[in-house]
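Read the structure below first, then the notes.
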Amino acid sequence: MNSSENWQLRQNTSDKKCDKHKDEIAYYCEDHKSLGCSKCIIVGHRKCDNVSTTEDYCEKLNSSSQLEERKTYLQQGADDMESMIKDFYLRQQNIADDKDAVLKSIDDLQERMDKRIREMKKEITDDVITAYKQERENLKVSTQKCERLKVAIQNTLESSATALQRNDHMDTIRLYQKGQTELEACKDLVKEMQMSISTVSIEHEIDSDVTSLNFGKIFVRKQQKHLLSVPTLVKPLSQCNVKEIRKLNIICPSDQFDCALRGVVYLPDGRIVVGDRNNNNIKLINDAGDVVDELKLDGNPWDLCMVDNTTVAAAIPSPGGIRVVTVTPSKLTLSSVINKKTRYYGITYRDDEFIVSTGSEVCSVKNDGTTKTLYRYTGNVYALSHDSKDGQLFIAHHTDSTGSTAIGRLSTDNKYTDVLKVGVVKHAYGVDVDVEGNVYVCGYNSNNVVQISGDGTNVRELLTAVDGITYPIAISVCGDKLVVTNGSGQSNFIQVFQLV
């Protein structure tokens, strides 16, 4: 550095005085992450190992590329926020389109009715607008969070560039630390949105018989979905470790027998719905871990699936059929019964229809009971799930025969592919898919829970007997949390884990 550059540096830092000693701030203590004058260093940092001048510390940051690396990460954070903002605007447009479609449906129906139902039209139109405004406001709040953080990051980037140009060492260090804080906030916000965001649709259901003189009902459907186009600032679930966060005893005084928990659903708000085959009921567990309601059924529930945030469904092998259940904060209510005489075991809900397994095939079942065979198989299939991003089905084959398929995949055009052979998993039982497309499988006879990629190329044991897993039967994944039911000695308990 020549003499003119040194003089310019002194000019730029000459007004940076210590508040306590009024001397020039020229030193930085890495141990305490603090700036100070020579007196501060002598008095408070004489025993510290890493004290240097501000100029030397900035040169250290420059030489180790830390400043440039931080700039890169901050820019990535800003790009992430921009991606999420675009995604939220797209979602706002989608629900606006839904609103317009519903209003058109209402108007079309109105033309077939007489003047006596004009007041009914106004009432249901108000419901649409209210639902639209509420969901739009929810998306606006998420968008504003991203916009505020994006602006903060951009300001830090601009200020950092200015500080470097002025050789302002103190501001450079402060902005470096501020950028680190904003980067962590960015990671936390991405994770929060990934785990909590739902795809919202506003739907209008009408009675085909117009002589009933009603405008139908408005439904707001919510299903957890992965955010589109968001880079991975957050650690992928496939690389996370797992820890148990609670173990719950869910046997109730009204139960005549020990529980046999076949199906389970982990709702986004932290509540859990579990089916008890031995006691012919479904239980609702609140986010505090208490059983708050039981719904007695006319059959033994097997697999369970989530329809939306307030609805679950159970497959019933005996006497048969599907039971659709409405879930409120503290109440379970049977809302409909479908195909009561058909035996069903596995169940999932995809594209407004149920996908079920019977004794010899996988079928689609509509709400009116219309059934279509998708795939025929041999052996026992007790559980199904699907990837919410591409709709592919994952089928758990309950076998331990060497060379047999443990997990199969069925595409939306019904092409079947083996994903995992019997080996690390024996007698596959429960299966579920997370928002990133990872598949979770309960190995009943292998006493483990295995996480695999959707194509089966990456396989790892997530939970074993060491974690208390004993003949695992059912699993449900919600964001970074999962719940597992077990058999043989653990049948009255459910375990809740978190991926960290």
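The values are calculated or read from the model by the stated rules, or taken from the named source; none is laboratory data. Treat the numbers as computed from the prediction; the structure is a model and nothing was measured. All Cβ positions, even for glycine, are placed from backbone atoms using ideal geometry, and neighbour counts span all protein chains on display. For accessibility, only protein heavy atoms count, side chains too; no ligands or nucleic acids. Shrake-Rupley method; radii C 1.70, N 1.55, O 1.52, S 1.80 Å.
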> So, with a 1.4 angstrom probe, what is the percent of accessible area on the chain that is carbon and sulfur?
Replying inline: 46
>> Over the range 356-466, what is the relative contact order in percent, taking alpha-carbon pairs closer than 8 angstrom and at least six residues apart?
In response: 17
>> Quick check: Cα centre of the range 25-41 to Cα centre of the range 394-457, how many Å?
In response: 58
> For the range 26-129, what is the accessible area per residue in Å² when the probe is 1.4 Å?
Replying inline: 60
>> How tilted is helix 3-13 with respect to the longest principal axis of the chain? Cα atoms for both, answer in degrees (0 to 90, nearest 10).
In response: 60
> For helix 169-196, what angle does its Cα long axis make with the longest principal axis of the chain, in degrees from 0 to 90 and rounded to 10?
Replying inline: 0
> What FRET efficiency comes out for the pair residue 165/residue 32, r = Cβ-Cβ distance, R0 = 35 Å, nearest 0.05?
Replying inline: 0.80
> Per residue, what accessible area does the range 272-428 have, given a 1.4 Å probe and all protein chains present, in Å²?
Replying inline: 39
> How much accessible surface area, in Å² rounded to 10, belongs to the heavy atoms of residue 141 with a 1.4 Å probe?
Replying inline: 60
>> Checking the table 133/372; 86/283; 283/481 against a 28 Å threshold on Cα-Cα, which pairs fail?
In response: 133/372; 86/283
> Long-range amide H contacts for residue 350: which residues qualify at under 5 Å (H placed 1.01 Å from N, peptide plane, sequence gap of 5 or more or a different chain)?
Replying inline: 355
>> Please report the spacing between the Cα centers of the range 142-185 and the range 60-103 in Å, no decimals.
In response: 16
>> Quick check: the angle from helix 118-165's long axis to the longest principal axis of the chain, C-alpha only, nearest 10 degrees?
In response: 30
> What is the calculated FRET efficiency for residue 39 to residue 89, with r their C-beta to C-beta distance and R₀ = 56 Å, to the nearest 0.05?
Replying inline: 0.55
> Can you flag which of 247/366; 217/389; 140/389; 243/415; 71/235 are past 26 Å Cα-Cα?
Replying inline: 247/366; 217/389; 243/415
> Can you list residues whose amide H is under 5 Å from residue 447's amide H, if they're 5+ apart or on another chain and H is modeled 1.01 Å from N?
Replying inline: 471
>> So, taking all protein chains as they sit and a 1.4 Å probe, how much accessible area belongs to residue 467, in Å² rounded to tens?
In response: 60
>> With a 1.4 Å probe and all protein chains left in place, how much accessible area per residue does the range 429-500 have, in Å²?
In response: 28
> Within the range 23-70, which trypsin sites (Lys or Arg not before Pro) sit in a loop by DSSP and count at most 12 neighbouring Cβ atoms inside 10 Å?
Replying inline: 33, 46, 47
